[in-house]
């Protein structure tokens, strides 16, 4: 669908360095999209923070285009791109599909591909499964993330238990996303509510460092008390 007016205005305020990165990838015949939290925050009317890109180019190609780029997670397709004349940096990740999550933390196998929709299908929640084509002014939203934002709903992409089972940290991310600041507490749908209880043991597979990093973000939220009460009710704090 065409970018709504709110995204056109938001896009015009993006840094020139990001446009340069996108232009170089496109010149190398790569598809490139803005993905993840920045698209969600843009639709909520919030300023951008992290700007992450997805591309059809493989990590080696991205490293070849940008001499100052860092191979920060090439086994998962991620390269941190830095330009010569800018202090900004951007995570650029190759479109991918994933196998099973044997340890409940990371995929056992990652395959690089060229399907944006397949890449978005592995995201955690619909509000995080959107992508912006900045060159063509197109919003890719195969799971109605924009509609869920407007209705203040938190819904998993596909099967909720499967999504949470892939990475135990997604349980805490769900509670964090319930806290929408001045907009109050958003409620998960029935499937996600059930999965938060049935999958809670998956959190045991996550390192203490990752758990505390996410938990601190929950505690810093404007509605932390309500979120903690929900977590207590769901048995997450026992």
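Here, each number is a calculation from the coordinates, and none is a lab measurement. Quantities reported herein were computed from a predicted structural model and do not represent experimental measurements. Counting neighbours? That spans all protein chains shown, and the Cβs are built from the backbone with ideal geometry, glycine included.
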Ratio of the chain's C-alpha Rg to 2.2 N^0.38 Å, to two decimals?
1.02
Once every DSSP H run of n ≥ 4 in the chain is given -39500 (n - 2.57) and the sum is divided by its residues, what mean residue ellipticity at 222 nm do you get, rounded to the nearest 500 deg cm²/dmol?
-10500 deg cm²/dmol
Which FRET efficiency, nearest 0.05, do residue 74 and residue 211 yield, Cβ-Cβ r, R0 35 Å?
0.85
Cα long-axis angle, helix 16-27 against the chain (0 to 90 degrees, to the nearest 10):
70
With N denoting the number of residues in region 152-233, provide Rg(C-alpha) divided by 2.2 N^0.38 Å, to two decimal places.
1.02
Contact order normalised by length for region 1-93, with contacts defined as Cα pairs under 8 Å and 6 or more residues apart; what percent is it?
23
Given Cα positions, please report Rg to Rh for region 5-146, the hydrodynamic radius being the Kirkwood one.
0.95
In degrees from 0 to 90, rounded to the nearest 10, what is the angle of the helix 208-219 Cα long axis to the longest principal axis of the chain?
80
